[in-house]
Amino acid sequence: MQTANRTISPAFVRLLHDYVQSLGLDAWRVLGEARPAESPEQAVGFPMAHWVELLRRASQHMDDPLLGLRIGQTIEPRHLGTLGFLLQSLPTLGAAMQKLQRYQRLVYDQTPMLQLVEADYVDLVWGIDQGQPGSLADDTSITALIYYCRAIAAGPVIPQYVQFVNPAPRNCAAYRAAYGCPVEFTAPVTRVRFSSATLALPLRAANADLSTLMERQTEQLLALWPTPDEPFVAHIRTAIGALLHDGEPTLPRVAERLAVTPRTAQRHLQQAGTSFRTELETVRRQMAEIYLRDARLSVADIALLLGYSEHSALTRSYRQWTGQAPRPRR
């Protein structure tokens, strides 16, 4: 499966929790953990391997092999945060897909998306060279992509066809019904083909001024994202960010989430020339800068989101980082 060091947006995890809850089930009992807190953008994702495990638990509990197909259909533009606002503010669906290619890592950091442009259509393609998260994860992601496009476009969005690298399920008709097109399985790549006419569709919320602002903010988020040449450090940061809302993460808790021993985690960090405390402070500082731009949050709110027991601890840390007290930027 090879999903180590890969991430997905926590928004997908919240979608899963909300879907389970909508069926009248206790999501915590089904998934074995709490729903990720609603929070502003952060420079960390949710570990892909853990996402795959949550999907497996839910699918097994509900005896539903089509779970990914159902979750993906619940996506709304707001779930993608700043990137979602950027994409829907662009003039056409094709422009949105071009931006998604650049910024995809912010929501799905498993396999880069490629666009293959032909005269009458464009293929969105994901290879398998960086691993395969499996049917449930792929079903969720591709379905969410198609339904997100349908939510923002001022016209019908129906792919010409969809391909999956995974084996065919028992109920192929459910995929054809959801997408409105032929669907193939056991393909060499994952592929969604849109006609040129579909990609020329205008977007409902197109706004040139807003897109300029949102792209600037999205670029800032991408700049904070861990670089590919620091895979284990990036995964450590991802786990730290996912655990912060439960209080200050410890090395044993982070190591458990990554399925390694604390000693192994410590050794990898030392080899990378860093330490757990350094990475914890790095994540906190990156997230603090983003949270301070959210007018809805007080310093006390931000302290809780960053795992501090009281806001004075955040104030001390922020002074050490910047020489100034933390102040929300209205």
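Worth pointing out:
- Portion, in percent, of the accessible area of the chain that falls on carbon or sulfur, probe 1.4 Å: 52
- The mean of 1/r over all pairs of different alpha-carbon atoms in the stretch 38-172, once inverted, gives a Kirkwood hydrodynamic radius of 16.0 Å.
- Entry for semi-axes √(5λ) of the Cα gyration tensor in Å (calculated from the structure that is shown) out of (1) 40, 25, 16; (2) 34, 24, 19; (3) 30, 27, 15: (2)
- The dipole here belongs to the chain: it is taken about the Cα centre, uses +1 on the Cβ of Lys and Arg and -1 on the Cβ of Asp and Glu, and is about 540 debye.
- Along the axis of the charge dipole computed for the chain (Cβ charges of +1 for Lys and Arg, -1 for Asp and Glu, origin at the Cα centre), the listed residues A300, P182, G155 are led at the positive end by A300.
- CD proxy at 222 nm, helix term only [per DSSP H run n ≥ 4: -39500 (n - 2.57); per residue of the chain; nearest 500]: -15500 deg cm²/dmol
- Its relative contact order, with pairs defined as Cα atoms under 8 Å and 6+ residues apart, puts the chain at 20 percent.
- Within the stretch 53-118: Cβ-based charge dipole about Cα centre, in debye rounded to nearest 20 (Lys, Arg +1; Asp, Glu -1): 200
- Scaled radius of gyration (Cα, divided by 2.2 N^0.38 Å) that the stretch 200-306 gives: 1.33
- Label-point separation, S275 to R78 (7 Å along Cα→Cβ), nm: 4.3
- Between amide H atoms placed 1.01 Å from N, distances below 5 Å from Y161 occur with R193, all of them 5 or more places distant or on a separate chain.
- Normalised by 2.2 N^0.38 Å, where N counts its residues, the alpha-carbon radius of gyration of the stretch 66-121 equals 1.26.
- Per residue accessible area of the stretch 175-330, 1.4 Å probe, in Å²: 51
- Amide H contacts under 5 Å for F185, placed H, 5+ residues apart: F164
- Computed label-point distance, nm, for sites E310 and E219 using a 7 Å Cα→Cβ extension: 4.2
- For Y121, the amide hydrogen comes within under 5 Å of the amide hydrogens of S196, counting only partners 5 or more places away or on other chains and with H modelled in the peptide plane.
- Summed over the residues of the stretch 24-152 and divided among them, the accessible surface reaches 39 Å² per residue at a probe radius of 1.4 Å.
The values are calculated or read from the model by the stated rules, or taken from the named source; none is laboratory data. The structure presented is a predicted model; accordingly, all values stated were derived computationally and were not measured. In this analysis, Cβ positions are derived from the backbone assuming ideal geometry, glycine residues included, and neighbour counts consider all displayed protein chains. The area values use the complete protein model at the heavy-atom level, side chains included, leaving out ligands, DNA and RNA. Shrake-Rupley method; radii C 1.70, N 1.55, O 1.52, S 1.80 Å.
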